[in-house]
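Encoded as structure tokens, the structure appears first; notes follow it.
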Amino acid sequence: MFSSLSERLSKSLRKIVNKGRLTESNIKETIREVRKAFLEADVTLSVIKQFIENVTKKSIGYEINQSLTPGQEFIKIVRNELISTIGAKNNNLNLAIRPPAVILIVGLQGVGKTTTVAKISKWIKDKYKKKILITSTDVYRAAAIKQLEILSNQIDIDFYLSNINQKPIEITEEAIKHAKLKLYDILLIDTAGRLHIDKTMMNEIQQIQNFSKPIETLLVVDSMMGQDAINMAKSFNEYLSISGIILTKTDSDSRSGIALSMRYITEKPIKFIGTGEKLTNLEIFHPERIADKILGMNKVISIIQDIEEKINQSHVKNLTNKLKKGHDFNLNDFLIQIKEMKKIGGLNYFIDKFSHDKMVYNNLLLGNDKNTLNKIEAIIYSMTPKERNNPVIIKGSRKRRIALGSGTQIQDINKLLKNFDNIKKIMNKIKNNGIGRMIRNIKNILPRCF
């Protein structure tokens, strides 16, 4: 569902991610590409307009975080705006009510309501271990009641049998009485598919809602419907006061505009997404995960978050201040940065994140060893204070002593000193831009993200 939008956005944002400076020009150029990507994904125009306005306002003149490159900071702004658009937080089912808690499932015909009822029932049963009853009020579609009965047997959940000679409101009344009598925790009611422009059918479902007083009224939406789904959802919400939305068929090749538009336009949270035909193919809708998926940067975003959360900002400021005062970057400073990197997870972390990329293995300081940072630490700890402050004095006999003390080879010492010399040149150029530039430029330590 998100593949085409993800591909287009990733291509647009890739151009700006390694920019050393964000300017109004390169920001606007990237935002134009983002707008085109949204239009192609069939995102509603009002959503695109608001999204672009917010990103522009937050990125132009924005004070960049010291631990990130400006390009990464821009991506973070885009990601946060995406999360805000599709739902700032995950809204789970509200089951905090005196049993039986009634959940009403509504929607058009053919969107997958009946299967979704079974999926949600199984999900609740597995997650909360509740006693669940399901029933069908669809007396219009041939074999609809039988279909739900078969599905309920497959997932071992009780089914209240109705028949096509009953009225939907009668089935609702009897099912609620039965649920109370047998002490069920939850009653899920499947309803007949109906067009939102059919007033008779909409009045019927309104009557069912008024009587059953559901704790949740969930609208099932086919993700392949496109813009038509927005008007449909608005109409259902006017009649029924929807509490949440379930998107089905998200494993299809449908455009992703509906996911971006639905929450913003209806102001109702997307609670679940159907990811396949199996009864286990139902997932909670996590805005953060969807935003990362849309951006195609799940791994990069998690790295940015870890850098922000785990890097000691006081160490960053101390090193930056030293460099500003003309302090020469030495192995003691480097050792501190190695320790900070280990907090994130070390090179293991980056190898695991980008194990598919051969560049990861080609750019490590000491070869393909996953314990590289531990090895670097051991080498530096085997040096004298004088050698750490002035690595240039480390020659033949000193190298042999350090190698013996650290349990490494002389070639490891040589490789570290050579790479440290390159790192030192980069660090000595840093004046006012903080440690973020080091994170971006030291490619021997951090593999390229793109």
Among (1) among the hydrophobic types (A, V, I, L, M, F, W, C); (2) under 30 Å from Ile157 (Cα atoms); (3) touching a helix residue (DSSP H, G or I) at 6+ places or on another chain (Cβ under 8 Å), which single condition is Leu181 missing?
-> (3)
Within region 210-250, the residues that are of a type in the set (Gly, Ala, Ser) and under 22 Å from the mean Cα position of the chain (by Cα) are Ser223, Gly244
In region 211-245, how many are hydroxyl-bearing (Ser, Thr, Tyr) and in contact with a strand residue (DSSP E or B) (Cβ under 6 Å, 6 or more places away or on another chain)?
-> 4
Of the residues that sit in region 372-417 and are of a type in the set (S, T, N, Q), at pLDDT 85 or above and farther than 15 Å from Asp333 by Cβ, which one is surrounded by the fewest Cβ atoms within 10 Å (Cβ to Cβ)?
-> Ser397
With respect to Thr200, determine if the residue is surrounded by 14 or more Cβ atoms within 10 Å (Cβ to Cβ) and modelled with pLDDT under 95.
-> no
Scan region 131-147 for residues that are of a type outside the set (D, E, K, R) and within 35 Å of the chain's Cα centre (by Cα) and report the count.
-> 6
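The values are calculated or read from the model by the stated rules, or taken from the named source; none is laboratory data. Quantities reported herein were computed from a predicted structural model and do not represent experimental measurements. A quick note on method: Cβ atoms are made from the backbone with ideal geometry, for glycine too, and the neighbour counts reach across all protein chains shown.
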